[in-house]
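Everything below concerns the one structure shown next.
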Amino acid sequence: MSNAETEPAEVRCAASVSEEPRVEVLSARDVPLGGPRAMTVRRTLPQRSRSLIGAWCFADHYGPDDVAATGGMDVAPHPHTGLQTVSWLFTGEIEHRDSLGSHAFVRPGELNLMTGGHGISHTEVSTPRTTVLHGVQLWVALPEEHRHAERDFQHYAPEPVRVDGALVRVFLGSLCGDASPVRTFTPLLGAEIVLDPHASLTLAVDPAFEHGVLVDQGSVRLAGTAVDRAELGYAGPGREALELTNTSEEPARLVLLGGPPFEEEIVMWWNFIGRSHEDITQARQDWENASERFGEVHGYPGDRLPAPELPNTRLRPRSLR
Ligand code: MN
């Protein structure tokens with residue numbers, strides 16, 4: 001087919017350069033977490049239209065969850081490779097054990113960052129004194145040169161920073177004059193922000209970073225675009241400031257994620273990140289064979305999680321969006 005006009009009108013196809021690209025709004029899908037009564041989480045990363053924000057490659061948001069009704073969190077020993085896990089709570093408490101020998105309690109406002117590297121295994125169980133569980137679980141992809149890093153576990157409780165209209169907790173990277181001392185393998189930003197009712201906040205950010213805003217409660221506008229509760233607003237690189245507005249009468253809470261676009265293709269399957277189908281099948285086999293690679297978690301009263309069956313097709317890399 002061809003344009004049949006004899007004198008086709010000139011059409012300007014270039015986008016207006018003065019306008020910043022629009023914020024993308026990613027909605028969550030509900031995923032049962034597993035465990036005795038299968039608590040449900042809201043997953044915004046990865047999804048078809050976006051795999052990564054910086055090195056952030058996985059975002060689960062859950063609660064407020066009435067533990068008496070849902071059974072809370074009870075995740076039996078399971079492995080990770082090629083990634084770091086970030087646990088961040090708003091309410092409740094989770095007991096963490098891993099094959100490095102770490103035994104820690106994840107509490108509101110405190111970062112717990114576990115490096116899977118070449119291989120680790122862990123358990124996550126909400127404690128008996130927890131009545132309401134509410135928080136996020138995030139993963140960070142490790143760059144090639146560090147994806148076989150040694151197992152590690154870091155804990156950090158940031159001092160909240162009061163700025164005009166908001167309370168900010170910077171758990172990774174730097175923002176609002178505060179900087180987290182926690183080591184990461186790529187530049188990252190991770191912060192909890194509670195916006196006062198009707199407050200507007202303009203954050204100076206690194207223009208090399210892309211950003212995501214996961215709204216936990218309230219009605220938020222990110223650079224003029226409405227992002228509702230449980231949605232993830234995405235703003236691409238090139239911005240020197242991010243404008244956040246709470247359009248509601250109540251405080252609004254969000255988690256801000258950022259980092260320079262991750263340039264490597266990754267293959268992500270179950271709890272593993274690799275670079276190829278073979279990386280994943282090897283990791284799965286090592287877990288099924290109870291290899292030293294993932295070590296052993298002590299103190300969990302139950303069996304380890306078996307790996308799911310691999311699909312019949314070859315696993316393919318995620319797109320770099
Ligand atoms: Mn895990």
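Coordinate-derived values only; no laboratory data. The shown structure was predicted, so the numbers you read here are calculated from the model rather than taken from an experiment. We place every Cβ from the backbone using ideal geometry, glycine too, and count neighbours over all the protein chains shown.
A compact table of results
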quantity: Listed residues Leu310, Leu111, Leu133, most fluctuating in the chain (Gaussian network, C-alpha, under 10 Å); calculated: Leu310
quantity: Point-charge dipole on Cβ atoms (K/R +1, D/E -1) for the chain, about Cα centre, debye to 20; calculated: 460
quantity: Top of Pro64, Pro311, Pro158 by mean-square fluctuation, Gaussian network on the chain, Cα under 10 Å; calculated: Pro311
quantity: 5 angstrom amide H check on Leu189, placed H, neighbours 5+ away; calculated: Gly258, Gly259
quantity: 14 Å beta-carbon shell around Arg162, net charge (K/R +1, D/E -1); calculated: -4
quantity: Gyration tensor over alpha-carbon atoms, the stretch 11-259, equivalent ellipsoid semi-axes in Å; calculated: 29, 21, 18
quantity: Full-extension gain in nm, Asn312 to Asp164, via 0.36 nm per residue minus C-alpha separation; calculated: 47.9 nm
